[in-house]
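See structure below.
The values are calculated or read from the model by the stated rules, or taken from the named source; none is laboratory data. Being a predicted model, the structure only gives us computed values, none of them experimental. So basically every Cβ, Gly included, is an ideal-geometry build from the backbone, and we count neighbours across all protein chains shown. These area figures cover heavy atoms from the full protein model, side chains too; ligands, DNA and RNA do not enter into them. Shrake-Rupley method; radii C 1.70, N 1.55, O 1.52, S 1.80 Å.
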Amino acid sequence: MTEYAVIGKKVERVDARIKVMGGALYAADIQMAGMLYGKIVRCYDYAHARVTGLDLSEAAKCPGVVTVLGPEDVTTKAYNASVLDMMVSTDMRTVLGDIDDQNIFTDHVKHYGDAIAAIIAISEEAAERAAEKVKATYEELPVYLTAEASKQPDAIQFRPEKPGNLAFQLPEMAFPNNSYAWGDVDKSFADADIIVEDTFYVPKQKQCQMEPGNYIALYDDQQRLNCWTSTQMPKLVQKKLANLFELPMTRVKINQTVIGGGFGARLGMVLEPETCALAMAVPGRPVKILSTREEDWVTSPSRHPGKYWMRMGFKKDGTPVACDAKFENYKGAYYVDASGTAFTTGAWLGGMYKFDSLRYHGESYYTNQSICGAFRGYGNPQTNFVMEQLVDRGCVELGVDPIEWRKKWHKTIGDDGWCMGVPYNSCALDECLDRAAAAIGWAEKREKYKHQSGNIRRGIGVAVMNHTSGAMPMLLEHTVCDVILHQDATATLNLACSDMGQGSHTTLRQVAAETLGFNYEDIYIATGNSDAAGFDIGAHASRTLYVGGGAVKQACEDARRQLFDRAALELEEEVGNLYMEDKIIHVKGTSNKSISVQTLTDQGINNFMNPETGELIGQPGQIKGYASFFPPHNAPPFGATIAEVEVDMETGEVRVLQLVNAHDVGKAIHPGVVEGQLDGGAQQGLGMVLTEETYYDDKGICLNNSFTDYKMLGPSDMPKMTNILVEDADPTGPFGAKSVGEAGIVPPVGATANAIFNAIGIQILEAPITPEKVLKAIII
Amino acid sequence: MTSRVMRDFDLLLPESVTEVVTLLARHKDKSAILAGGTDLLVALKFDYAIDNVISLALVPGLGTLRFDPQDGLVIGAKVTVAEILKSAEVKANYPALWQAAQVFATPQLRNTATVLGNIMRASPAGDCSLAILALGGTVLLQSTAGQREVDLDNFWLSYAVTARQDDELAIAVKIPAPPSGQKSAFRRMTRTTEDLSKLGAAVSLHMAGNVCQQARVAMGCVGPTLVRLPAIEKILAGAKVTTELLQDIVGSVAAEINPIDDQRSSADYRLKVAGVLVRRVIEQALDNEGNVQ
Ligand SMILES: Cc1cc2nc3c(=O)[nH]c(=O)nc-3n(C[C@H](O)[C@H](O)[C@H](O)COP(=O)(O)OP(=O)(O)OC[C@H]3O[C@@H](n4cnc5c(N)ncnc54)[C@H](O)[C@@H]3O)c2cc1C
């Protein structure tokens, strides 16, 4: 194995100190002279209604109010808060049917908390008090909370161009029969000896990122629109805002503030359009919008919930012959990510097992719920819940061990990955399964738990997953990076990659240090200023280390090459004869011919003349490396989780005793960061399968948009956890790395469900698997 | 919907009980007492508006936590849940209360929340309240007119409504000394560990050997207030606690309670597991002596 100086080391995270010491500046912390406060007026009385009257006059008279804004007082241009439409070509956008169906303020309320107006005042309090004085009258409309309801022929149509309230289905042109498919599924099922089938429900899980939606915007004296936001996609948001407000990109500046967690909730725009619209109404004054948790809950996207039907067919010998599936998701009020998850949910399914044939339908239906968008895993946890439970049901019928079956039938190197036509080029899933099984004592426990009676039953279950590192070739993948070498042989990276707490700025810095041959401490990452940084898609699809790291590596290689070229000239040697050690470039085989990097960088900047000879000393010009990087692949990571649970047969309560997560990460650039991602992923995966769901009453009023009523697992709920990092370098990743940001959330979902199945012999078809559901299932 | 900005109120900082009751007499229902504030501030962030908040912060003499083998336990109005947890006397003599304190919210909350505040909030999910109901507590109320005592059995009138008059300050809750042979326990069910109860049960059993002479059995989250279960107490009174008796209890609890569907659970589920929870809390009370046969 290659010995690295910085890669693979647990260096101090770049953000650790400042966050722990309270020095990190979140948008809410930022104060500016002359700051005004915006309060968005939302409809909390109805989930579906037409605004028949809006009277802002009383609000306008309230003390401290600067102005009140109704739908016509801001841009009425429609937009799509998601940025997915910017990651495909214009043609593809048309094929997909992407539309702009949101407005800053609406006169047709489509979900609990939809925005109808806003107040700008001199204090937050004045704005809040005035907002209470806004008088709106409504015509109540029927509420559709599920796809089944909103697809009814007599249902009110959300959009004329989306008949049947079908916001998205896989388009015929790219996906024949509107399906992601290979082989002849119907024929394959005819060959099957065993068929398993069911309809599942996957929940509307919320990211629960710590920082709620807080923003500042200022339309300044130079007629530039500035926005302070913790978006995870600064460059795409810059472009989206430029489009919405019809400004050139040079007049829109994103100042990315410290991100208090993303998990997809900040993938695209959230309240940037509203905040900027308010700022445009009061040029020269910064406007700050601070959300309550309840507000953030219903205005930022959630995971896609919905009905997920699947059928699998097997031969007696275990051969998986066919898989047929349909995910009808409850999209929520607006189009946003309607296309993305509806596709990927099937892509992860297609990437997992060697079915002779497969057919997947993904459909997104408008509903009167808050919008769905990106959430860590992007359809993968949903598929894991369904696919892995059905596989285990198949294994029971086949009488085979679930690990053995998976080892035999999972896809591997050379097979098509999640995107057909892009084969896997690395896969260490077998090793993941073997090591996880050994760590938990799979075989013994599986045997032991076969025969149990009594009130407490234990179970053990496994699940596997494939994911991706970046979204190519479905979506654009591109990061620009430049690295500038200072005269003291330190370097600054300039790029727009986001660190949402996942550790990417730390790992990118490691990649830079290793590539340049510098120390970790020699590198600084400058980010957050959209004026300065080149393009970057943003943090999504677990791409930042893989694609951003690829860009950093290429830019640093460029700078290093320039260093070596100069050293060659100075030393009068071939570049091939040189090597660098401790920032000194030496000539191979000789001990006395060398030049330090610092001499080179210094001479490049301070290119002085030798007073005796009158000649310039060294090579002129500050060294700058540059990369505009498009990754060659998507290096899918694999992972397996084994969960052990205990079920209380009298109460239906489930306790997760232990999780072992074994992940094929390619190369752990920073093992601590990797483990952190797996731990955090597991916490959210367990939450999805056990406790987390946003729900509504039949009028569409959200009942649990708060931490009092929506429960995530806390530290004391977490099981004993073991993370196993399997390092099998990917040929395309920077230093062999594959992604880990989303992988961790996925297999705990299926593994826990399967462990419950193993304990009680019944599968619970609806997530989250609450005690209420378990008890109903086990009490006959 | 919460607000980020609390409504205006006057914060009053009296420095004696006399001053508190004088202020209460003046402001009556236009005022609220602030103890730990863990309920009050939450309410103030919602739509609750009140003109005067009377803080107990500077009032001396309300921090008493005193145990006397004859007179029992006195918990003053400023005693926090964390202090209950630190008391070896509570742990030894009133296990139900100690156990309620142990699972109560989080360390931060326990450091702030008071036991009296829990009682005054009159929530059917009040954990310390439930334990004290089973142990038989009495609330001491004081106004400019003097003091009176109200038995907890008659204190909670309906959801969030107590027998307290709006000019009264609760200065303490008293719990009688445990007769020898008293066993007590508290148990709750939650969605996650750090959560409000979705179902709670507490018992205090006066045991002579394995015969239960007298019992107080109470439940939470099964109706608008915390309740006692007289029918279950009757089954226990004078009975030998056997597995069969416990089974009988499991089957009898549902008829005694009236739970609803809410964010934390369903009526149906609560009805199904309430009996099990009561059995378990009895077993827990008797556990150290293995009295169940
Ligand atoms: C995150 C969180 C978790 C929680 N978890 C739990 C839990 O696990 N179990 C549980 O039971 N509760 C829980 N609670 C609720 C709350 O913490 C308790 O009810 C607590 O005991 C209230 O005490 P306090 O001192 O904070 O009361 P305060 O908020 O100060 O007062 C509560 C009410 O009682 C009145 N009041 C207080 N003291 C007096 C007095 N001496 N005389 C007259 N009126 C008075 C107040 O005016 C107010 O109406 C939780 C609350 C939060 C915010």
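FRET efficiency for the pair residue B:89 and residue A:95, taken as 1/(1 + (r/R0)^6) with r the Cβ-Cβ distance and R0 = 60 Å, rounds to 0.20.
With contacts taken as Cα pairs under 8 Å and at least 6 residues apart, chain A reaches a relative contact order of 16 percent. Here region B:10-55 is assigned +1 on the Cβ of each Lys and Arg and -1 on the Cβ of each Asp and Glu. Its dipole about the Cα centre then comes out at about 60 debye.
Its Cα centre serving as origin, chain A has a Cβ charge dipole (Lys and Arg +1, Asp and Glu -1) of approximately 560 debye. A DSSP coil position with no more than 13 other Cβ atoms inside 10 Å describes the following GluC sites (Glu not before Pro) in region A:554-639: A:572, A:574, A:612, A:615. Can you tally the net charge around residue B:193? Count Lys and Arg as +1, Asp and Glu as -1, for every other residue whose Cβ sits under 11 Å from the Cβ of residue B:193. Around residue B:193, the charge tally is +1. Given a Förster distance of 35 Å, report the FRET efficiency between residue B:111 and residue A:123 from their Cβ-Cβ distance, rounded to the nearest 0.05. Efficiency, from the Cβ-Cβ distance: 0.65. Scaling against 2.2 N^0.38 Å puts the C-alpha radius of gyration of the protein assembly as shown at 1.03. Each of B:254, A:568, A:703 was scored by the projection of its Cα onto the charge dipole of the protein assembly as shown, and the greatest displacement toward the positive side belongs to B:254; charges sit on the C-beta of Lys, Arg, Asp and Glu. A full extension of the chain between residue A:29 and residue A:17 corresponds to an added length of 2.6 nm, given 0.36 nm per residue minus the alpha carbon distance.
With the simple model of a label 7 Å out from the Cα in the direction of the Cβ, residue A:575 to residue A:608 spans 3.0 nm.
Only Cα pairs under 8 Å and 6+ residues apart enter the sum, and on that basis the relative contact order of chain B stands at 15 percent.
Can you give the net charge of the other residues whose Cβ lies under 15 Å from the Cβ of residue B:70, counting K and R as +1 and D and E as -1? Every neighbour counted, the sum reads -1. Multiplying the residue separation of residue A:420 and residue A:315 by 0.36 nm and subtracting their alpha-carbon distance yields 35.4 nm.
Interface burial in region A:670-693, defined as at least 10 Å² less accessible area with all protein chains than with the chain alone at a 1.4 Å probe, covers A:691. Exceedance of the 19 Å cut-off in Cα-Cα distance is limited, within the set A:206/A:711; A:583/A:667; A:307/A:773, to A:583/A:667. Fully extending the segment from residue B:26 to residue B:239, taken as 0.36 nm per residue of separation minus the present Cα-Cα distance, adds 71.4 nm. The helix-only estimate of mean residue ellipticity at 222 nm for the protein assembly as shown, built from DSSP H runs of length n ≥ 4 each weighted as -39500 (n - 2.57), is -8500 deg cm²/dmol after division by the residue total. Quick one: Debye curve from the alpha-carbon atoms of region A:464-514 only, equal weights, vacuum; give me log10 I(q)/I(0) at q = 0.18, 0.26 Å⁻¹ to two decimals. Scattering profile of region A:464-514, log10 relative to I(0): -0.77, -1.15.
Farthest towards the positive end of the charge dipole of the protein assembly as shown, among the residues A:592, B:24, A:155, is the Cα of B:24, using unit charges on the Cβ of Lys, Arg, Asp and Glu. Between residue A:140 and residue A:766, the FRET efficiency from the beta-carbon distance, with R0 = 35 Å, is close to 0.75.
Remark: spin-label model distance residue A:243-residue B:211 equals 8.4 nm, labels positioned 7 Å along the Cα→Cβ axis. With a Cα cut-off of under 20 Å and a minimum spacing of 8 residues unless on different chains, the lysine pairs in region B:80-215 number 5. Neighbouring Cβ atoms from other chains, within 10 Å of the Cβ of residues in B:193-206, number 2 on average. In percent, rounded to a whole number, the relative contact order of region A:509-651 is 22, using alpha-carbon pairs under 8 Å and six or more apart.
A simple packing score, the average count of other Cβ atoms within 10 Å per residue, orders the peptides A:85-91, A:532-538, A:62-68 as A:532-538, A:62-68, A:85-91, with the highest score first. The modelled label-to-label distance between residue A:703 and residue A:9, using points 7 Å beyond Cα along the C-beta direction, is 5.5 nm. Computed over region A:656-780, the quotient of the alpha carbon radius of gyration and 2.2 N^0.38 Å is 1.26. Electrostatic bookkeeping for residue A:326 treats Lys and Arg as +1 and Asp and Glu as -1; over the other residues with beta carbon under 11 Å from its beta carbon, the sum is 0.
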